[in-house]
Amino acid sequence: MRPNYNKLTGYDASEGALYILFCAALALHPKAPRLLAVDNFDQALNPRLAMSLTTALCRWNRQLNVDRQWLLTAHSPAVLDGLTLDDDTVRLFAVDRDGNGHTVVRRIDIAKALSLRPDDTWTLSRMWMSGLLGAVPNV
């Protein structure tokens, strides 16, 4: 790069890169709030990057051993494959609407869900896309 043009700013970063920096700052800052809610945290991210960010958030929260809770919503199935569901502090919920339009939230029993798989090659993302976990519109 030419010397006058070799500095990058936040204006030069992609929206996805800014989301990653935002989540990393929240996860790693010692004075971040104890309850964090990020809607569509996978927005503007490549599916593999969304999966990696999910794994990193789980790892940071566990390694830092802070009393911090995350509430994340996502629309990318790849996010599910990044969850460390063998860690009991990581929970997965399905959010649906009932026949009256009311919101219904239920925790997904991972052991039960995995027992419903046709075979061991089915990932959580595939199970979600197939409707085995719920939280998908009936189209």
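The values are calculated or read from the model by the stated rules, or taken from the named source; none is laboratory data. These figures come from a predicted structure and were not determined experimentally. Note that we place each Cβ from the backbone using ideal geometry, even for glycine, and neighbour counts take in every protein chain shown. All accessible areas refer to the heavy atoms of the entire protein, side chains included, with ligands and DNA or RNA removed. Shrake-Rupley method; radii C 1.70, N 1.55, O 1.52, S 1.80 Å.
Tabulated results
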| quantity | calculated |
| --- | --- |
| Helix-only [θ]222 nm of the chain, DSSP H runs n ≥ 4, -39500 (n - 2.57) each, per residue, nearest 500 | -10000 deg cm²/dmol |
| Nearest-0.05 FRET efficiency for Asp119 and Ala37, computed from C-beta distance (R0 35 Å) | 0.45 |
| In degrees, nearest ten, helix 15-28 long axis to first principal axis of the chain (Cα) | 80 degrees |
| Förster-model FRET efficiency, 30 Å R0, Ala44 and Leu64, C-beta, rounded to 0.05 | 0.70 |
| Computed accessible area, His102, all protein chains, 1.4 angstrom probe, square angstrom | 110 Å² |
| Accessible-area order (highest first, 1.4 angstrom probe) of the listed residues Val38, Val104 | Val104, Val38 |
| Length-normalised contact order for the stretch 1-92 - Cα pairs under 8 Å, 6+ apart - percent | 31 percent |
| Cα gyration tensor, the stretch 83-139 - rounded (a/c under 1.5), prolate or oblate | oblate |
| Between 0 and 90°, nearest 10: helix 47-64 axis offset from the chain longest Cα axis | 90 degrees |
| Farthest toward positive dipole pole in the chain [+1 Lys/Arg, -1 Asp/Glu at C-beta], among Asn40, Leu64, Leu116 | Leu64 |
| Selection of trypsin sites (Lys or Arg not before Pro), the stretch 24-101, meeting DSSP coil and at most 16 other Cβ within 10 Å | Lys31, Arg34, Arg68, Arg91 |
| Option label - semi-axes √(5λ) of the Cα gyration tensor in Å computed here, alternatives (i) 31, 18, 16; (ii) 26, 18, 14; (iii) 34, 20, 13 | (i) |
| Note, ³J(HN,Hα) from phi for the stretch 122-130, Karplus 6.51, -1.76, 1.60, rounded to Hz, x at Gly and Pro | 6, 7, 4, 5, 5, 5, 5, 4, 7 |
